[in-house]
Amino acid sequence: MNPLFQQPLQVIGLGLAGFSDNLRAAGGKVLHLNWKPAAHGDSGANWLLANLVNDARIEAANRQALQQFLDAQPVLVDAVPASEAIPAMAGGERRILHAGPPIAWADMCGPMQGAIAGAILFEGWASNIDAASAMAQRGDVALEPCHHHAAVGPMAGIISPSMPLWVVENRAHGNRAFSNFNEGLGKVLRFGANGDEVLARLRWMRDALAPTLRQALRSAGEIELKPMMAQALHMGDEVHNRNAAATGLFFKRVAAHLARQTQGVSALEFIAANDHFFLNLSMAACKSMLDAAAGVRHSSMVTVMARNGVNFGVRLSGTGDRWFQAPANPVDGLFFPGYDVNDAAPDLGDSAITETAGLGGFAMAASPAIVKFVGGTPADATRHSRDMQHITLAQHTAFTLPALNFAGSGAGIDARRVVDRGILPVINTGIAHRLAGVGQIGAGITTAPLTCFVDGLAALAGQLEQ
Amino acid sequence: MNLHCSVFPNLYMDSVSLMQVSARLSALPGVSRASVAMATPANIERMRDSGMAVEVTAKPSDLLVAWVADDTQARSILDDVRQWLKPVDVQGGDAQAARVPGSLEMGLEAQPDANLALISVPGQYAAAEAMKALRLGMNVMLFSDNVPEAQEASIKTYASAHDLLVMGPDCGTAIVNGMPLGFANVVRPGAIGLVAASGTGLQELTCRIHHLGEGVSQALGTGGRDLHEEIGGLAMCQAIAMLAQDPATRLIVLLSKPPAPAVATRVLQLARDCAKPVVVHFLGADAAQLASQGFMAGHNLQHTADVAVAALRGQAVPAPAGPDPERLAQALAAVGRMAKGQANLRGVFAGGTFCYEAQLALVARGLECESNAPVQGVRVLHSRTAGFGHSLLDMGDDEFTQGRPHPMIDPSQRNTRLLQDAGDPGTAAVLFDVVLGFGASAEPLAELLPLLKDAQGRSSAAGRHILFIAHVCGTELDPQSRQACVSDLCAAGVLVADSNIEAAQLAVAAILALNGNQS
């Protein structure tokens, strides 16, 4: 029998505060919520969400997805051309992968179009930028999201068949994930630059850097990425927008092995000059961990967050390959001298895979330097990390945050919690110039749009009814 | 003078807070009209209806401020509004402090033993919050109204299947484990457990039981629609089942408007099987019929409490009492002082059940009347703005509370109407209620007393005499002092009855006497 009358009454109040005040005045125990309607006040979505709360099927599915995610052991095993790593890139077909959810050439932002045109030149499919753009426009090159091929790329996220990729294998489940190589800052393909200097660097990375790193990896042996990322968190990185410590740790790990290679010194110089070198490894590691959690029927755990420069896209474990998209939210950030918000491209890149995995904005407490981008304080950084723990299923055991007394960073975003609690995933991000080729013009913090999660839950609810 | 409008994206505040901001904004010098509300289609429509043709793009989760004033002041007005809308810094400025939970699930993480959610959010979201609470294992009191009936059926079906209690929607009052929920009077703990589909009716019962020297184990509301066919009395059945198992409850009282026949059968069958004495009152239904089915039946609210207390004490069931002879004599004496043309009874109620019961008293004596919430045999209101003949208003009904607080919280609109009716030369008697307790106005008479004096003075000057009859629903333990209210009303020349039914009966006796005089 319902034991209410035999227990002390403990109330949670929502709505009129006066009722809670009265209870307190009468000696009752009451917690009054700071309530507001969920889902932008859409009453239908509120009702739908309510019926998913504590659903036994979702809870069981989430436990499974979360466990697979936490169990994953990403290991750097190789560096090979995309045509070797990804079956769809092998057949000699003209195919280029890009960041974020699917998008047609005509709808792409400037930096992504510039980067794709550059990649077409790089592959030798066209002889100049105009011809390359026309080729893409005609549909002569298949354009698909990296995420459709277990891959991720920062900013424009461009991967063409001959580009070298990192191969990260999740040893717990055997799945592999891929990412391209980081070119450094300034005029680079991922911000849409496609001049000779950019293409020359890409060729050097393909012909010299990648084979050299491959040899060094063979000599060094596989590199466990999870411990390296965990250590970097304790050294001031959040392994999304700050990778200085992680890049240093990686450099230490491979330095001696690279030094023995013919082009080892130039490879070492290249890595040492780029504090973001590790970013692409962090991303591939996160992708391999999250792919391990994908496709668990009924799970509301988020497995992908990615931006294509127009839309923000989300995937849930339980809804498989479906994308839930909405226009990207604006970035709250600082701009390099001479630029302002009018110069900014909308939020771009697959790098939000780090936040999906509980790093980046979720681990901001580890990286107080990052909050300076938005004029924040270290207290803001810890607040962000605490907030993110409210929308995740659990806390990481591997990734801990010293500033939170070594509590784990939030692990496994639950789309239900995002909508129910009205707390949006926080994403640390670079800001690209809206015109191709200008490059990074700032950095800051943004959030994932609520609509993606609301729509994802609607799809999940439909699946539960079947 | 121009219309100004400002949207605050994703800022939610409850309707009471917004009404306060509206009132402050309207009171600013130079502002001729103002409205502050969540930007729901209904609210925007209402602003347009009130002559403010707002044209904005806004979501229901945005806050919309509209006002009519000179352009020159627009900026300073907006600054003021922004200041008023600023949230209170509940964290004391400490960014390290824990975030105040914003959802039920977060609340439960902070207070894991919470066993009841008290929900008073806008109706279109209320059922969702109730469903969340139930799915998290909590019982629910749903104060909110305007909840779709299908959602009410869903949450109650879920609750019944999981042995949880849902009180409401539109449940205004309850006492659970001695704690006041919503509007509730302070009464002593005791052996009588009550379940009611009628809010102020339940308050009247608990107060009467207290006055008679007994106490209340639990006073549970079900919401007014619970005993409709569509809901099937699910909440009342759950409440009966829980009270049947509660060792502190030795007698059960059930109160409702007449239920749908199939629902009545179901509820009464459960009551019969519960192994505890049960007193039943279906407002306006034939008590003899219930008695013939073996139930102790109340004839009115007062009588129901009297029967329950007598039964608990093992005493004989009392017959329904008439009005106190001394007060009846006072009422009839007042009739003698009335002028020709004074003929009508005007009732202005804050409590819906009080209005309902008063109508029944008129109908029982063959008096024709009108009401905005008519019982069977009563006409619908002739006009919303002026009474016609005998007229009994439920001022807590939706049509009078759109965008305004309930008259139990803020009686000013009720008082204005009361004075208007007193000023009508055809008015002979004015009947009203004063509801005390948690949730009700802290000073229910502060505004009314001088107005009453003024009205009586003016009618005297015009050669008339108005009979004011009131009933105070409350106890001496309530935050407002019942004794002080009663003596203040008496001092103002108001005839104060012991119960709502007695007040109505006194009014009826006066009107009948008046008719007798005139015939």
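The values are calculated or read from the model by the stated rules, or taken from the named source; none is laboratory data. Quick caveat, the model's predicted, so the values are computed rather than measured. Here the Cβ is made from the backbone with ideal geometry for all residues, glycine too, and neighbour counts use every protein chain on show. When the accessible area is computed, the model is the full protein with side chains, heavy atoms only, and any ligands, DNA or RNA have been set aside. Shrake-Rupley method; radii C 1.70, N 1.55, O 1.52, S 1.80 Å.
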Those residues that are among the basic types (Lys, Arg) and closer than 14 Å to residue B:347 by Cα, I need them from the stretch B:370-395; list them, please.
B:384
Looking only at residues in the stretch B:195-217 that are touching a Leu at 6+ places or on another chain (Cβ under 9 Å) and open to solvent by 30 Å² or more (accessible area, probe 1.4 Å), which one is nearest to residue B:315 (Cα to Cα)?
B:214
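Provide a single number: the residues in the stretch B:353-399 that are in a loop (DSSP other than H, G, I, E, B), under 20 Å from residue B:471 (Cβ atoms) and either in contact (Cβ under 8 Å) with a residue 40 or more places away in the chain or touching an Asp or Glu at 6+ places or on another chain (Cβ under 9 Å) (or both).
So the count comes out to 11.
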In the stretch B:244-262, is there at least one residue being touching a His at 6+ places or on another chain (Cβ under 9 Å), more than 19 Å from residue A:2 (Cβ to Cβ), crowded, with 24+ Cβ neighbours inside 10 Å and small (Gly, Ala, Ser)?
yes
Can you name the number of the only condition in (1) assigned to a helix (DSSP H, G or I); (2) within 12 Å of chain A (Cβ to nearest Cβ) that residue B:202 fails?
(2)
Odd one out for residue B:35, checked against (1) part of a loop (DSSP other than H, G, I, E, B); (2) at pLDDT 85 or above; (3) among the polar types (S, T, N, Q)
(1)
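Could you please find all residues in the stretch B:151-166 being within 24 Å of the chain's Cα centre (by Cα), within 11 Å of chain A (Cβ to nearest Cβ) and within 13 Å of residue B:126 (Cα to Cα)?
Once the filter is applied, which keeps residues that are within 24 Å of the chain's Cα centre (by Cα), within 11 Å of chain A (Cβ to nearest Cβ) and within 13 Å of residue B:126 (Cα to Cα), the stretch B:151-166 yields B:151, B:155.
Whether any residue in the stretch B:112-133 is among the β-branched types (Val, Ile, Thr) and not in a loop (DSSP other than H, G, I, E, B) is what I want to check. Reasoning before the result, please.
If we filter the stretch B:112-133 for residues that are among the β-branched types (Val, Ile, Thr), which is where we start, we get B:119, B:121.
When the remaining residues are screened for being not in a loop (DSSP other than H, G, I, E, B), the result is B:119.
Among the residues of the stretch B:112-133, at least one is among the β-branched types (Val, Ile, Thr) and not in a loop (DSSP other than H, G, I, E, B), which makes the answer yes.
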Does residue A:23 fit the bill of being in a helix (DSSP H, G or I), touching a residue at least 12 places away in the same chain (Cβ under 8 Å) and within 7 Å of chain B (Cβ to nearest Cβ)?
yes
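Return the only residue of A:2, A:34 being open to solvent by 10 Å² or more (accessible area, probe 1.4 Å), more than 30 Å from residue A:302 (Cβ to Cβ) and part of a loop (DSSP other than H, G, I, E, B).
Working: A:34 fails: more than 30 Å from residue A:302 (Cβ to Cβ).
Exactly one residue qualifies, and that residue is A:2.
Condition check ((1) among the polar types (S, T, N, Q); (2) on the phi < 0 side of the Ramachandran plot) across all residues:
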site: B:219; (1), (2): no, yes
site: B:222; (1), (2): yes, yes
site: B:237; (1), (2): no, yes
site: B:245; (1), (2): yes, yes
site: B:252; (1), (2): no, yes
site: B:264; (1), (2): no, yes
site: B:268; (1), (2): no, yes
site: B:275; (1), (2): no, no
site: B:279; (1), (2): no, yes
Please enumerate the residues belonging to the stretch B:256-297 that are closer than 24 Å to residue B:230 by Cβ, charged (D, E, K, R) and in contact with a Leu (Cβ under 8 Å, 6 or more places away or on another chain).
B:257
State all residues of the stretch A:40-64 that are touching a residue at least 24 places away in the same chain (Cβ under 8 Å), aliphatic (A, V, I, L, M) and over 21 Å from residue B:126 (Cβ atoms); if no residue qualifies, say none.
A:58, A:60, A:61
Among the residues of the stretch A:384-409, count how many are away from chain B (no Cβ under 11 Å), surrounded by 21 or more Cβ atoms within 10 Å (Cβ to Cβ) and free of Cβ contacts under 8 Å to residues at least 60 places away in the same chain.
3
Of (1) open to solvent by 50 Å² or more (accessible area, probe 1.4 Å); (2) free of Cβ contacts under 8 Å to residues at least 40 places away in the same chain; (3) assigned to a helix (DSSP H, G or I); (4) facing chain B (nearest Cβ under 10 Å), residue A:67 satisfies all except one. Which?
(4)
Odd one out for residue A:179, checked against (1) over 20 Å from residue A:268 (Cα atoms); (2) touching a helix residue (DSSP H, G or I) at 6+ places or on another chain (Cβ under 8 Å); (3) not in a helix (DSSP H, G or I):
(1)
Quick one: is residue A:61 surrounded by 21 or more Cβ atoms within 10 Å (Cβ to Cβ), more than 7 Å from chain B (Cβ to nearest Cβ) and in a helix (DSSP H, G or I)?
no
Yes/no for residue A:238 being open to solvent by 10 Å² or more (accessible area, probe 1.4 Å) and of a type in the set (Asp, Glu):
no
Given the criterion open to solvent by 10 Å² or more (accessible area, probe 1.4 Å), under 29 Å from residue B:261 (Cα atoms), in the same structural domain as residue B:266 (by TED's automatic domain parsing) and outside any loop (DSSP other than H, G, I, E, B), identify the matching residue among B:175, B:192.
B:175
In this structure, is residue A:44 more than 7 Å from chain B (Cβ to nearest Cβ), over 27 Å from the mean Cα position of the chain (by Cα) and either buried (at least 20 other Cβ atoms within 10 Å of the Cβ) or over 30 Å from residue B:479 (Cβ atoms) (or both)?
yes
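Go through A:170, A:175 for me and flag whichever is open to solvent by less than 10 Å² (accessible area, probe 1.4 Å) and modelled with pLDDT of 95 or more.
A:170
Mind checking which residues of the stretch B:226-239 are in contact with a helix residue (DSSP H, G or I) (Cβ under 8 Å, 6 or more places away or on another chain) and crowded, with 21+ Cβ neighbours inside 10 Å?
B:226, B:227, B:231, B:232, B:233, B:234, B:235, B:236, B:237, B:238
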Residue match in the stretch A:210-225 (condition: open to solvent by 10 Å² or more (accessible area, probe 1.4 Å), under 19 Å from residue A:270 (Cα atoms) and basic (Lys, Arg))
yes
Among (1) among the hydrophobic types (A, V, I, L, M, F, W, C); (2) within 20 Å of residue B:499 (Cα to Cα); (3) crowded, with 23+ Cβ neighbours inside 10 Å, which single condition is residue B:310 missing?
(3)
Within the stretch B:268-290, can one find any residue that is in contact with a helix residue (DSSP H, G or I) (Cβ under 9 Å, 6 or more places away or on another chain), closer than 22 Å to residue B:509 by Cβ, of a type in the set (Asp, Glu) and not in a helix (DSSP H, G or I)?
no
Take residue A:88 and tell me if it is surrounded by fewer than 17 Cβ atoms within 10 Å (Cβ to Cβ) and in contact (Cβ under 8 Å) with a residue 24 or more places away in the chain.
yes
Tabulated pairs, the stretch B:329-350, first closer than 20 Å to residue B:432 by Cβ and modelled with pLDDT of 95 or more, second of a type in the set (Asp, Glu) and surrounded by fewer than 21 Cβ atoms within 10 Å (Cβ to Cβ), C-beta under 9 angstrom, 6+ apart or interchain:
B:344/B:424; B:346/B:424
